[in-house]
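Enquirer: Quick one: the structure is below, questions incoming.
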Amino acid sequence: MSEVNASNPIQYTIKNEPFYQPVGDEVELYESAYATKMPVMLKGPTGCGKSRFVEYMAWKLGKPLITVACNEDMTASDLVGRFLIDINGTRWQDGPLTVAARIGAICYLDEVVEARQDTTIVIHPLTDHRRVLPLDKKGELVEAHPDFQLVISYNPGYQSMMKDLKQSTKQRFGGFKFDYPKAEIEAEIIAKEAGIELSIAEKLVQIAQRSRNLKGHGLDEGISTRLLVYAGQLIAKGVPAKQACRVALVTPLTDDVDIWDTLMTAVDTFFE
Ligand SMILES: Nc1ncnc2c1ncn2[C@@H]1O[C@H](COP(=O)(O)OP(=O)(O)OP(=O)(O)O)[C@@H](O)[C@H]1O
Ligand SMILES: [Mg+2]
C-alpha cells in the first residue's frame, strides 16, 4: 500500500478544473447533498461520467478527493489502516478511508460492490449520524472531520445475487442515477474531449446508440462515452475513422464474431 500522509491534504486537491458537462440537475443536487454531508451513491453503466463528476464536484467544492478502487481481495484493513513493522519497530499507518475522515476529504469508493460485505461494513458508522470510524486494532475512534463525505459508485448491470450491497448499506446513501448523456450532449462531450469536429462526434454517438440497442441481445453493455472519446482521440491523431472505430469501439466490446460484424456494419453506414 502506498504511503499516505494525513497531514498534507494538498496532495489530494484537484488543481485544474476538470471538464464536466452537466446532463441535468446533478451539480446542484450534489451541492445540496454535500452541504448536509449525505453519503452519496452514483449508479450507472461503465464509462458514463461518474468518476469525472466526482472529480469535478471535488474541484468545485474545493475539497480533497481520495479515490479507492475496490476489489474482492480488499480487506477492511486496506481501507482503515494497519500496523506495519519496519526497522524502527511497529507503527500504525492510516488507510485511505481513515485519512479522508481525518482531513475532511471526499472519499470515493469506486465499484464498491466488488468488495466483500465484511469489508463494506466498516463504512457503516461513518455513514449514519455517528460519523465515526473505529480503528479496532489501534483502539482509536476517529471522529470524521466536518468536511468528510463518502461517495460510492455502483454499476447496476454487473450486480448478481452474490454481489450486491446489503440493504443496510444501500439505505445509508442518497442515489444519483447516471446514464449515457442524450445524443446532442454526448456529441458535444466527445467533440470537446477528443478535439474533433461536432459532425464526426455525432456519427460516433449514433454508432454507440445502435450498440446500446443490442444490450441484452448479445451485448452486456453498449459502447460507453469513454470508448467514444478514445475513438475521437484516434481520429484527432489522423487515424481513419473506420479503423478508429474498429479499435476503440467494436473490438473491446465483444468476442462474438457475429456481433462484431453487426457493429462493423453499423460503422460502415457512417464512415467509408
Ligand atoms: N458529462 C461528462 N462531461 C465530460 N466528460 C464526460 C462526461 N461523461 C463522460 N465523459 C467522458 O467519459 C469518460 C469516462 O467517464 P468516467 O471515467 O467518469 O466513467 P465512469 O462512469 O466512472 O466509468 P466506470 O464505472 O467504468 O469507472 C471521461 O474520461 C470523459 O472523457
Ligand atoms: Mg469510474
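Where a number appears in this text, it was derived from the coordinates with a stated rule and is not lab data. Keep in mind that what you see is a predicted model, and the values were worked out from it rather than measured. Cβ: placed from backbone, ideal geometry, glycine included. Neighbour counts: every protein chain shown.
Enquirer: Evaluate the relative contact order of the chain (contact order divided by residue number), counting alpha-carbon pairs under 8 angstrom at least 6 apart; express in whole percent.
Expert: Relative contact order, the chain: 19 percent.
Enquirer: So what is log10(I(q)/I(0)) for the range 38-86 at q = 0.13, 0.17 1/Å, when the Debye sum runs over its Cα atoms only?
Expert: -0.48, -0.74
Enquirer: Let me ask something else about it. Go through 126-139, 234-247 and give me the packing order, highest mean Cβ count within 10 Å leading.
Expert: Highest mean packing first, the order is 234-247, 126-139.
Enquirer: Additional query: First obtain the Kirkwood hydrodynamic radius of the chain from its Cα pairs, then insert it into the Stokes-Einstein equation at 25 °C and 0.890 mPa s, and state the resulting D in µm² per second as a whole number.
Expert: Diffusion coefficient, whole number: 121 µm²/s.
Enquirer: Using the Kirkwood radius over C-alpha pairs as Rh, can you work out the diffusion coefficient of the range 1-121 via Stokes-Einstein at 25 °C, viscosity 0.890 mPa s, in µm² per second?
Expert: 156
Enquirer: Would you work out the charge dipole size for the chain about its Cα centre, treating the Cβ of every Lys and Arg as +1 and the Cβ of every Asp and Glu as -1, and quote it to the nearest 20 debye?
Expert: About 580 debye.
Enquirer: In the Gaussian network model of the chain, springs joining C-alpha atoms below 10 Å, which of ILE87, ILE103, ILE152 carries the largest mean-square fluctuation?
Expert: ILE87
Enquirer: Work out the charge dipole of the chain with +1 on the Cβ of Lys and Arg and -1 on the Cβ of Asp and Glu about the Cα centre, then indicate which of LEU79, PHE271, ALA241 is farthest towards its positive end.
Expert: LEU79
Enquirer: Sticking with this structure for a sec: Note the angle between two axes, namely the Cα long axis of helix 26-36 and the longest principal axis of the Cα atoms of the chain, as a number of degrees from 0 to 90, rounded to the nearest 10.
Expert: 0
Enquirer: Measure nothing fancy, just the Cα-based angle from helix 198-213's long axis to the longest principal axis of the chain, in degrees from 0 to 90, nearest 10.
Expert: That helix lies at roughly 80 degrees to the long axis.
Enquirer: Sum up the charges of everything whose Cβ sits under 15 Å from the Cβ of LYS215, counting Lys and Arg as +1 and Asp and Glu as -1, but leave LYS215 out.
Expert: Net local charge, LYS215 excluded: -2.
Enquirer: Given the Cα-Cα distance of THR75 and GLN243 and 0.36 nm per residue of separation, how much length would full extension add, in nm?
Expert: The span from THR75 to GLN243 would gain 56.3 nm if fully extended.
Enquirer: Still on this structure: Extension gain LYS170-LEU84, at 0.36 nm per residue separation less the Cα-Cα distance, in nm?
Expert: This chain segment gains 27.7 nm when fully extended.
Enquirer: Something else now. Kindly provide the helix-only [θ] at 222 nm of the chain, computed as the sum of -39,500 (n - 2.57) over DSSP H runs of four or more divided by all residues, to the nearest 500 deg cm²/dmol?
Expert: Here the helix-only value at 222 nm equals -11000 deg cm²/dmol.
Enquirer: What's the angle, to the nearest 10 degrees (0 to 90), between helix 183-194's Cα axis and the longest principal axis of the chain?
Expert: The angle comes out near 80 degrees.
Enquirer: For the residue pair TRP92 and GLN206, what label-to-label distance in nm results when each label sits 7 Å from Cα along the Cα-to-beta-carbon direction?
Expert: So the two model labels end up 6.1 nm from each other.
Enquirer: Now a separate question. Find out how many positive minus negative residues lie around ASP25, taking Lys and Arg as positive, Asp and Glu as negative, among other residues whose Cβ is under 15 Å from that of ASP25.
Expert: -1
Enquirer: Which order do the peptides 76-84, 165-173 take when ranked by the mean count of other beta-carbon atoms within 10 Å per residue, highest first?
Expert: Ranked from most to least packed, the peptides come out as 76-84, 165-173.
Enquirer: Here's something else I'd like to know. Using the Cα centre of the range 9-177 as origin and beta-carbon charges of +1 (Lys, Arg) and -1 (Asp, Glu), tell me which of GLY44, LEU165, ILE14 is placed farthest towards the positive end of the dipole.
Expert: The listed residue farthest towards the positive side: LEU165.
Enquirer: Antiparallel DSSP bridges in the chain: what percent, to the nearest 5?
Expert: 35
Enquirer: Could you work out how much longer the chain between SER199 and GLN11 gets when fully extended? Use 0.36 nm per residue separation minus the Cα distance between them, nm to one decimal.
Expert: 63.8 nm
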